[in-house]
Amino acid sequence: MKRRGAALALRLTVAGLLSVAPLCADTHLLVVAGVGGEEAYTGRFHLWSTRVADAAIAAGLPSENVVYLGEREDLDPERINGRSTGENVLAEIAALADRSSAGDDVWIVLFGHGSGAAGPPRFNLPGRDLVADEYAAALEQLADRRVVFINASSASGGFIGPLSREGRVVITATKSGGQSNESLFGGYLAEAFDGAAGDANKDGRTSALEAFAFAQREIERYYRQNGLLRTENGLLDDDGDGMGSPEPVGVEASEATDGRLASLVYLGQEAQPSTLTAETRELADRRAGIQRRIDELRLQRETLDEEVYLSELQELMVELALVDRELEEAAVDDGEPEP
Amino acid sequence: MIRHARHGAPHWVRRRPRRLPRRTRRKAATLAARAAAGALAVALAWPAAAQEPASLDEIESMLRTGRYEDVISQLEVRSDAGETAEPRALRLSVEALIATGRYDEAVAAFEGVDAAETGLGVLRGRVALLGGDREGARQAFESARVARGGESLVASFELARLAWDEGAIGGATTGFYAMIDAYNRGVADTAEELVAVAQACQLLGRDDPELFKDALRAYDEAVALDPSWPVPRIRLGELFLEKYDSSQARAAIADVLRSNPRHPEALLAMARTMAFDGDPRAVATLDAALEVNPNLIAARVFRARLRLASERFGEAREEVEKAIQADPESLTARTVLAAVEFIEGRDEEFASVRDGILADNPRYADLFNELADASVENRLYPQARDFAAEAVRLDPKSWRGYGLLGQNQLRLGDIEAGKANLERAFSGDPYNVWIKNTLDLVDTFVEYRTVQSEHFEFHIHESEAELLAPYMVELAEEAWAVLVERYRFEPPSPVRVEVYPSHADFSVRTVGLAGLGALGVCFGPVLALDSPSARQVGHFNWGATLWHELAHTFTLLVTDAKIPRWFTEGLSVFEERRARPGWGDDVQVPFITSLRDGELLGIAELNDGFMRPKFPNQIGLSYYQASLICDWIEENYGFDAILVMLAGYREGKNTEEVFQEAMGLTLSSFDERFFEHLRERFGTAMAALGDAPGPGGEAAEDEDGSGEGGPSRAPRRNLFAGQTPDLSALEEAAKENPDDFRIQMTYGNALFAEERYAEAEAPLLRGRDLFPEFVGPGNAYTLLAEIYRELERDNEAIEALESLLQHNETAWDEHLALADLLAEAGRSEDEAAILERTLYISPFDADVHRRLAEFASAEGRFDIAVRERASLVALDPPDRADALYRLALAERDAGRAGQARRTVLRALEVAPGYDPAQELLLDLVGKGPAREGRQPGVEGP
């Protein structure tokens, strides 16, 4: 297992080359813990917030790109950058617009309570709450960034409509403003980013789609195993139609379907491709070609005979495995440091 | 559904808005006022033996509150006082005589009276009918129709009804439509006329189901017109029950019984509703009806049906013969007699009764419908199907017949034909809840996956088929082999097994409605049961249920379904106990207290414990008792005696004959010896339970209310907790009563709750010794295990839990706790055995599968490792790629390289760059591991 770290780092780089994000794009994260109301909730939202912030830094985000606004700064003065009042949240979004550049990825994650059955959908903050329209207006400042906006609060479903737009991922913990019971979605979302739990495709990174799917699955399991009636049904919207999907599909889907963009956005920072040698660049190109053929083959799965499909898939997977093996050997030969 | 219909417009067009004519409204107000005044008089001032003759208003009030004897005596007083008998007095007198079954006197009361001219012609006809005098009835109705007594409309209806009962459907139909026409012309003004309209609509509903709505509306109008007259509410209740809507039926009939708790017809209707709901008060309510009116033929017929369903054939015959004696022409009574003859296998007598009925009414499809129902109650599903087919042949508009035909085809696994017939039934009677529910369920069958094995065809919901099928197939085939050998009989295969993830769906499959308490059902070649996902973990052991139901397949089919219910149920529980430790072996406190109080049923009445329980938990007790009977027979006479009994039942012998043949015992001598055995076996527990309340007490609070297909084994409440204990008083009591189970256990539980573990041990050990089979909540074993774990006496904790699981099949937490202890003790083989048993409680715990997979791999049991890894994949884990990769490893280790290659490709579909899976693929295709440290198959945690 000694060489695993070096190989993984290289693969991350290679995978970064394949993503649709512009090269050298930066990623920024704003985490907001809303008002807890009770000690237990305040502690819980703080825990989830720090898990996500720490996971982002562990995934390569410079610490200056991570901002955490909490309900009570005294809980962790070193990590909490300010109180999560409405004014501070709006100010920080404006600051993000200043700090980031066009093409950058900007993640905004809210943990807390919300409401929406009566009146506009809102996220509860110390002092004045902000409603969905206010977030939507603030996000206009980030129009040319790829924004992932996650509201993991109860009754958050009402945020989908106001915030939905092309090129933006919006995730909510519930399907409507009426689902106002305590939500556990945020905890599973934090778990998805923290460590490898959410990394379904084992590429060493967790995409927005993977995190959402992980949280959805675990929520379903939690309610089923405990014999409870499910009171939260998360949604993801990234096609701008204002209609979230409970089961977004990912890159295999047509562009008109939710999940495609979310599958390409990661909470992390890619290594710089300039570190690649000519040999590894050539391998990366080959790898990209194989991966593309695999994706094309999978799209034809329904129309192909099972044996034909498996035979072709096996051929491509063997090819990919051999390329990855070469990439790993190249990494070792280059003496990349272990992480 | 039918309730909703009441708000819809009737399909016929009314020519004018429906308003009560002024005259009628006044009349209604007067009646209501009279009734109210009368009720007040009764409540406040009515003397027990009035000195003065009561007024007719007062007497009418007495009639409507069920004081029939007072009505009769008061009218006699008036007569003695020389008052001239006026029509109203005669009507009151005759109605009271009818209500109390004094039909001859009712007939005599009309002597010298021109009933038709005085507006009593219809009543005269009904009295004649009650005595079986159809011709007399016809004449009376005809006279009433043409006379000036104001009864023309109702008399016309009665004449049409007579024709209907004789099979003259065409003429009757014309008469019924005339009632509708009368309503539309606004001439059906009285409550009685509206009831006649409603009944006409109800009977015409077979041609046009929209008319059922109109029947409801007319009944409602009749109720509004005369709120104190009970008949429309009773008929309304009967209509609801006919459509399987018992809650509406119960509400309508309860309204009547609130005013008149002695109304015999209302009591009968309520008894029917209760029987439909499985309410144990049905029998007592029916008895109450017959106490008021011993000659109420419909009640006798219904009682005979209940007896027949309880397999008390002699008593059923006795009852129905009484009804026939009262009315030798009664079609319903003769039909039940036909059913008794058929079920008892008296073919010639059956044919004679059947042919007699058809001679009187050649289109009486309900003869065959009733025979079908009776066959179902006696588990004769093929016969039920054939009778239903005969019903629809006789009357192509017998929607009930199509429903029965479809249901029984479904029960026998003929799904397509069953569905087609249910759709026919539904097209003719769209208000039948049973049929609608069943069709809705059948529509979902496309979501079920079919899994074939050597002797079975499983139908499991696609969402859980991948997980459940391997375990179900394995267990069912094991059970098949065991049962074939034991019963020396092989049923036709494949046996169809339907597994429902929704208990409501299982319930609909079984009884057409939601709410059944049972866990599984056997129709012979078809089984249906709850999936483990249908119930909370710890409430149900699906493995034991499947085994139980499959045992029914053997015992039903080997006897041509002639086996009594107690015996087939007893054998099924008996077989459960032989299948796995702890299955079918849950002795409840009420069983011991019933034994102590002599309340367990003797062999001759044991079926009643299943079919007509007197208290909710009696079903569960009867299952256990029946299984102990089988144990006792096997212990004393060998299993061959059981085979002799099965053969005897197949030959049509009764229980008396079968017991004599197999054991040389009469039923009473059997009861004597068996109960003696029970008293000996449970003597310590009986003594230790002291004066604990019997099954009407605590047991009544148990959740179990199951009917068919195995008792629910849901956890019950802790009998020893719930109150703030006075520990010093308990300590004193425990010292003074060392042989009192409840005191010892209450004290032990209290000390445990206070975490005084060392002190709790002694009373709990004492409680355990007094009643070792007790494994309900608060039991000694669970608490002792906890105590021993706290005190780091793990071996004793293991022993305690092992003892518990010898008697408990559903204790999920205790199974896992024991597995953990065994793991810590390094007893991995035993740990795996316990974990295997948890799979029959719930196969949804990923950790159990992972532990079993790791154990199996370590032990080289690769087939089990594959099964467990496949289960982990089926559980849709968050890390699907890894789960698939590990399954592929297990498949490779099991020598299934081809399958492993497919599985690892599935892993790579999820995660193309997952290097352990890549390396395994390369290995499987002969490219070999390239570098040190990258060999596949090194399992991590």
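Just so you know, in the stretch A:137-162 the residues that are in a helix (DSSP H, G or I) and touching a Ser or Thr at 6+ places or on another chain (Cβ under 9 Å) include one that is surrounded by the most Cβ atoms within 10 Å (Cβ to Cβ), and it is A:Ser156. Checked against the criteria, B:Gly186 does not count as among the small types (Gly, Ala, Ser) and either within 21 Å of B:Trp399 (Cβ to Cβ) or open to solvent by 30 Å² or more (accessible area, probe 1.4 Å) (or both). Might you let me know whether the stretch A:202-210 holds any residue that is farther than 12 Å from A:Glu232 by Cβ, away from chain B (no Cβ under 14 Å) and open to solvent by less than 30 Å² (accessible area, probe 1.4 Å)? The answer is yes; a qualifying residue exists. Among residues of the stretch A:216-232 that are within 11 Å of another protein chain (Cβ to nearest Cβ), those with a Cβ under 6 angstrom from a residue that is open to solvent by 30 Å² or more (accessible area, probe 1.4 Å) and among the polar types (S, T, N, Q), sequence gap 6+ or separate chain, pair up as A:Gly227/B:Gln536.
For the stretch A:163-182, how many residues are in a loop (DSSP other than H, G, I, E, B), of a type outside the set (D, E, K, R) and within 25 Å of A:Ala95 (Cβ to Cβ)?
The initial filter retains those residues of the stretch A:163-182 that are in a loop (DSSP other than H, G, I, E, B), namely A:164-167, A:173-182.
Narrowing further to those that are of a type outside the set (D, E, K, R): A:164, A:167, A:173-174, A:176-181.
Next cut, within 25 Å of A:Ala95 (Cβ to Cβ) only: A:164, A:167.
Residues that pass the stated criteria total 2.
The conditions of being at pLDDT below 90 and of a type in the set (A, V, I, L, M, F, W, C) are met by A:Leu299. Between B:Ala699, B:Ala641, B:Ala626, B:Ala647, the distinction of being modelled with pLDDT of 95 or more, under 30 Å from B:His503 (Cα atoms) and either touching a helix residue (DSSP H, G or I) at 6+ places or on another chain (Cβ under 9 Å) or open to solvent by 30 Å² or more (accessible area, probe 1.4 Å) (or both) belongs to B:Ala626 only. Taking the numbered list (1) open to solvent by 50 Å² or more (accessible area, probe 1.4 Å); (2) modelled with pLDDT of 95 or more; (3) touching a helix residue (DSSP H, G or I) at 6+ places or on another chain (Cβ under 6 Å) in turn, B:Glu802 passes all entries but (3). Scan the stretch B:141-153 and tell me whether some residue there is touching a helix residue (DSSP H, G or I) at 6+ places or on another chain (Cβ under 9 Å), surrounded by fewer than 20 Cβ atoms within 10 Å (Cβ to Cβ), under 28 Å from B:Pro261 (Cα atoms) and among the aliphatic types (A, V, I, L, M). No, the stretch B:141-153 has no match at all.
Taken over the stretch B:202-227, the criterion of being open to solvent by less than 40 Å² (accessible area, probe 1.4 Å) and either closer than 14 Å to B:Thr190 by Cα or of a type in the set (Gly, Ala, Ser) (or both) is satisfied by B:Gly205, B:Ala215, B:Ala218, B:Tyr219, B:Glu221, B:Ala222, B:Val223, B:Leu225, B:Asp226. Among the numbered conditions (1) modelled with pLDDT under 95; (2) within 14 Å of chain A (Cβ to nearest Cβ), the only one that B:Ser828 does not meet is (2). Reported count of residues in the stretch B:866-885, each being charged (D, E, K, R), within 13 Å of another protein chain (Cβ to nearest Cβ) and assigned to a helix (DSSP H, G or I), is 2.
Here the stretch B:310-319 is the region considered, the condition is being among the charged types (D, E, K, R) and outside any helix (DSSP H, G or I), and the residue that is least open to solvent (accessible area, probe 1.4 Å) is B:Glu311. Of the residues in the stretch B:245-257, none is on the phi > 0 side of the Ramachandran plot and of a type outside the set (Lys, Arg).
Inside the stretch A:46-96, residues that are without any contact (Cβ under 8 Å) to a residue 24 or more places away in the chain and hydroxyl-bearing (Ser, Thr, Tyr) make up a count of 1.
Counting only residues that are out of contact with any Leu (no Cβ under 8 Å at 6 or more places or on another chain) and either under 21 Å from B:Leu203 (Cα atoms) or hydroxyl-bearing (Ser, Thr, Tyr) (or both), the stretch B:135-150 holds 1 of them.
Condition test on B:Asp845, is it within 14 Å of chain A (Cβ to nearest Cβ) and either crowded, with 24+ Cβ neighbours inside 10 Å or closer than 30 Å to B:Gln806 by Cβ (or both)? When the stated conditions are applied, B:Asp845 passes them. With respect to the stated conditions, B:Leu889 is closer than 27 Å to A:Gln314 by Cα, out of contact with any helix residue (DSSP H, G or I) (no Cβ under 6 Å at 6 or more places or on another chain) and either surrounded by 24 or more Cβ atoms within 10 Å (Cβ to Cβ) or more than 10 Å from chain A (Cβ to nearest Cβ) (or both). Using the structure shown, decide if A:Ala190 is within 10 Å of chain B (Cβ to nearest Cβ) and small (Gly, Ala, Ser). When the stated conditions are applied, A:Ala190 does not pass them.
Scanning the stretch B:287-307 for residues that are hydrophobic (A, V, I, L, M, F, W, C), under 14 Å from B:Val320 (Cβ atoms) and surrounded by 21 or more Cβ atoms within 10 Å (Cβ to Cβ) returns B:Leu290, B:Leu296, B:Ile297, B:Ala299, B:Val301, B:Phe302, B:Ala304, B:Leu306. The combined condition, being touching a helix residue (DSSP H, G or I) at 6+ places or on another chain (Cβ under 7 Å), surrounded by fewer than 24 Cβ atoms within 10 Å (Cβ to Cβ) and in a loop (DSSP other than H, G, I, E, B), is not fulfilled by B:Arg354.
The numbered conditions (1) away from chain B (no Cβ under 11 Å); (2) open to solvent by 10 Å² or more (accessible area, probe 1.4 Å) are all true for A:Ala213 except (1).
Whenever a residue of the stretch B:320-338 is surrounded by fewer than 23 Cβ atoms within 10 Å (Cβ to Cβ), its partners that are among the aromatic types (Phe, Trp, Tyr), lying with C-beta atoms within less than 7 angstrom and at least six residues away or across chains, give the pairs B:Leu331/B:Tyr364. A single entry from B:Ser246, B:Ser259 fulfils the requirement of being in contact with a Lys or Arg (Cβ under 7 Å, 6 or more places away or on another chain), farther than 27 Å from B:Ile603 by Cα and either open to solvent by 10 Å² or more (accessible area, probe 1.4 Å) or of a type outside the set (Phe, Trp, Tyr) (or both): B:Ser259.
The values are calculated or read from the model by the stated rules, or taken from the named source; none is laboratory data. Computed from a prediction, not measured in an experiment: that's the story for all the values here. All Cβ positions, even for glycine, are placed from backbone atoms using ideal geometry, and neighbour counts span all protein chains on display. Note: areas computed on protein heavy atoms with side chains; ligands, DNA, RNA excluded. Shrake-Rupley method; radii C 1.70, N 1.55, O 1.52, S 1.80 Å.
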